[in-house]
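The structure appears below as structure tokens.
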Amino acid sequence: MENQQQEKMPLEKVKPNAKYSCFLEAHDFARSLQLRSRKEWRAWAKGEMSEKPQRPNEVPAHPDGIYKIKGWQGWKHWLGTADKSISDKNSTLN
């Protein structure tokens, strides 16, 4: 019965495995970190950014592989910088 419920859920809400959160939960957490690049994400995931919270076990260090078919849309989307880059470009044009 659990498989039937998962089949009806959007992929972004399905946990990729028992270890990690669903894409939407992990994505919200990733955006809250306010990191700006894949390079910053990798440094944070390795514990090199002491001013940020430590990586919870349910958030993958390599989300691009874990969520490849469950919501992944690229690093800018994951970090929430896609919208900012568009608005930054628009503000320089005005």
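Restricting the first residue to region 18-42 and requiring it to be within 12 Å of His77 (Cα to Cα) and of a type in the set (D, E, K, R), which pairs with a second residue that is at pLDDT 95 or above and outside any loop (DSSP other than H, G, I, E, B) meet a Cβ separation below 9 Å and a spacing of at least six or different chains?
Listed pairs, sorted by first residue: Arg31/Trp78; Arg31/Leu79; Arg36/Leu79; Arg38/Asp64; Arg38/Trp75; Arg38/Trp78; Arg38/Leu79.
Would you call Glu51 in a loop (DSSP other than H, G, I, E, B) and either acidic (Asp, Glu) or at pLDDT 95 or above (or both)?
When the stated conditions are applied, Glu51 passes them.
Report the residue count in region 13-40 for those that are within 15 Å of the chain's Cα centre (by Cα) and closer than 18 Å to Gly71 by Cα.
Here the count works out to 18.
Give me a count of the residues in region 19-42 that are charged (D, E, K, R), assigned to a loop (DSSP other than H, G, I, E, B) and over 11 Å from Pro60 (Cβ atoms).
Looking only at that region, the number is 1.
The values are calculated or read from the model by the stated rules, or taken from the named source; none is laboratory data. Computed from a prediction, not measured in an experiment: that's the story for all the values here. Reconstructed Cβ throughout: ideal geometry from the backbone, glycine too, with neighbour counts over all protein chains shown.
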